[in-house]
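Taken together, the values in this text are just the output of simple stated rules run on the coordinates, not laboratory data. The shown structure was predicted, so the numbers you read here are calculated from the model rather than taken from an experiment. For neighbour counting, all protein chains shown are included, and Cβ atoms are generated from backbone atoms with ideal geometry for every residue, glycine included.
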Amino acid sequence: MSQFFQKVEYNTKRQEFLVRNNYILDAAEETDGENLLFRKLKDVMNSFRSDVDMNYQTQVSQQSNSHLQKKLSQTNNEFKRSHQQLPSYKKITAIEKSPGSPDDKISVSQSLSQFYYKPNNLKKRIGQQMSLVETSNTFSTKYSFHSECFGQGLQVTSKQVKLILDCDKSIAFIKPSIYGSGLAREQRVTLVIKVCRNSNQRYPMAVGICDQQKLQENNFVFTGSAEHMPGSNNKDHGCYLLNSNGYIRSMTGSDMIRSSPNLRFYSNSTLELTFKPFHKQLIINRDQQVQTTIPLEFYKDQKLFFCVRLADLHDCIEIL
C-alpha cells in the first residue's frame, strides 16, 4: 500500500485520486502483483469517476427539467388569467338631455337608471378572438293611456281606449313620455287593434308620436288636413302618424306619403312602435311581418308621447 500511495495522490478540490506526475515507474523494481494491483485500483478510480460524472449530469438534467416545467406552468397561468372574461360595463354612448316638466306624471319607481342607453351589440372575449354578441334591449317601462290627455268622445282606461262618440279626430296619449323628461333612450310599446272599422277615409285610425304642447293647444284634436285626398301638405298638426291606409302624416319633410313598404293595419292587427332617439326614427312593425320607418325631427325642449287616433264609432285599441 505504501508503494500505491507513492504512485497516487488525493485531490481535495476534485475529490478523486490522481497519478503522481513526478513518479516514474521503474520496470525493474515492479513485480507482477504490484502492477496488477495498480491496474485494478486505477480501474476502480475510473469507474468511480464515471459514476460521479453520470450522477452530476443526472442532477443537472433533473434541475433543468424542473425549472422548465415551473416556467411553463407560470406561462400557462398568466395566459389563462389574461383570457378570463372580465365583467363588462355599459356606458352611455349618447345623451340628449332636456329639462323636465312638472306635469310629467312619471312614477318614482322609474329611476334614472332606466334611461341609460343600452347598445344592441356587446363585445365578448372568446379565447384569443373578439366577437360581437347580439343582445336585445330590455324595455322595462310599463305603459298606460294617459288619464288626462285625450280628446273628446274617447273612453279611456289604463290599458284601453275606445271611441264612444262620433268625433273622428280625437287623440289619446300613452304615458309616460318618451322624450323630454330626462336622458333619452330607446322606447317600445306594443298595441293591439281590437276594432278598426276603417270606414272613415277622411281621418282613419292612426298610431305614432305627438308633441304634447301642440296637442294641448288644440285640445287633443288632430288639426291636419283630411287624408282622403293624397297630396295634402299641412305640417302644423304636431304628429308623426301612420294611418290604417298606409299613409304617413309628418311634421317635417313630405306629409301624406305612402309608407314603404306599404303597411296597412286592420282589426286584430298587432303593432309594435319603437322610438329610436339617437337615429331619429319611429319604426312600426305589424304582426312581426311588415315594417316601415318614419324619419323624425325634434328639438331639445320638445316633449313627445306615443299616441293613437281613433276614427270610427266603437273603434278600440289596447296596450299589450
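Comparing Cα centroids, the range 148-164 and the range 207-229 end up 15 angstrom apart. Each of VAL161, VAL44, VAL192 was scored by other Cβ atoms within 10 Å of its Cβ. Listed from fewest to most, they are VAL44, VAL192, VAL161.
Specify whether the C-alpha gyration tensor of the range 143-216 places it in the rounded, prolate or oblate class, a ≥ b ≥ c being the square roots of the eigenvalues: rounded for a/c under 1.5, otherwise prolate if a/b is larger than b/c and oblate if not.
Values: a/c = 1.81, a/b = 1.69, b/c = 1.07.
Prolate.
Here ILE171, ILE164 are placed in order of increasing Cβ neighbour count within 10 Å, fewest first, which gives ILE164, ILE171.
What does the charge add up to near PRO204, with Lys and Arg as +1, Asp and Glu as -1, over the other residues with Cβ less than 14 Å from its Cβ? Spell out each step's value before the answer.
Details: positive: LYS169, ARG197, ARG202, ARG249, ARG258, ARG264, ARG309; negative: ASP168, GLU227, ASP312, ASP315.
That works out to +3.
Coupling constants for the range 202-219 follow from the phi torsions by the Karplus curve (6.51 cos²θ - 1.76 cosθ + 1.60, θ = phi - 60°), and in residue order they are 6, 9, x, 4, 8, 9, x, 10, 9, 8, 4, 4, 5, 6, 5, 4, 9, 6 Hz; glycine and proline get x.
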